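The values are calculated or read from the model by the stated rules, or taken from the named source; none is laboratory data. The structure displayed is predicted, hence computed values, not measured ones. In this analysis, Cβ positions are derived from the backbone assuming ideal geometry, glycine residues included, and neighbour counts consider all displayed protein chains.
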Amino acid sequence: MFIAGIRAMGELDIKKVIALSTLRQLGLMFIVLGLGLPVLAFYHLVSHAYFKAMLFMCAGAIIHTFKDYQDLRTLGGGFKSLPFSTAVFTVANLRLCGVPFMSGFFSKDLILEMLIMGGPNLFVFFVAAISTILTVIYSTRLIQMIFFGRLKSEPIFRLREIDLFIKTRITLLLGFSCVGGLGIS
């Protein structure tokens, strides 16, 4: 879990950062299973699935929009041209970070609470807490490089937002991820 978080900090491929983030979340689920709380691990899996699916779909749309570039060094400047993608990607990353009262918060807060109250030792709690902080750092880095960074690849004169079919699917996932964590808690 910790190694996946460290690795995501230095990764330059948008899909690999999101995949390493998923690996980190799976590590957290295994820690919860080690605590003997399979229902909490399943709860985190389901609440995580809502916004991670939305994040993968949005990342795919962004990659397609930027002429199939997925290297973070070549992406940038999508804030003004891609308002829907910027908003959804940012909301999904905020949920991943565990911002209070979003679906990721309910499961992560409960997991960290259980680690404090009945965890095997203080070391496991600190590894989980540091890994959660790493999630915030690499998620913020991802948003900054894609949307607020300077475009360094060939000039793209016209970035187009994703089509309506994909937008409706992402909006459906957005609704589930907004109330999904609270609803299943």
Study note, to complete from the structure: Of the listed residues (Gly78, Gly98, Gly183), the one being surrounded by 16 or more Cβ atoms within 10 Å (Cβ to Cβ), modelled with pLDDT under 70 and not basic (Lys, Arg) is Gly78
Practice item. Have a look at Gly36, Gly10, Gly5, Gly27 and point out the one that is within 21 Å of Ile133 (Cβ to Cβ), without any contact (Cβ under 8 Å) to a residue 40 or more places away in the chain and not hydrophobic (A, V, I, L, M, F, W, C). Key: Gly10
**Study point:** Every residue from the stretch 111-124 that is farther than 30 Å from Met145 by Cβ, modelled with pLDDT of 80 or more and assigned to a helix (DSSP H, G or I)
**Key:** Glu113, Met114, Leu115, Ile116, Met117, Leu122, Phe123, Val124
Point to revise | Criterion (over 21 Å from Leu134 (Cβ atoms) and either outside any helix (DSSP H, G or I) or of a type in the set (S, T, N, Q) (or both)) met by exactly one of Phe101, Phe84 | key: Phe101
Review point. Looking only at residues in the stretch 27-52 that are of a type in the set (Gly, Ala, Ser) and assigned to a helix (DSSP H, G or I), which one is surrounded by the fewest Cβ atoms within 10 Å (Cβ to Cβ)?
Key: Gly34
**Study point:** Among (1) outside any helix (DSSP H, G or I); (2) among the charged types (D, E, K, R); (3) within 15 Å of the chain's Cα centre (by Cα) - the single one Lys108 does not satisfy
**Key:** (1)
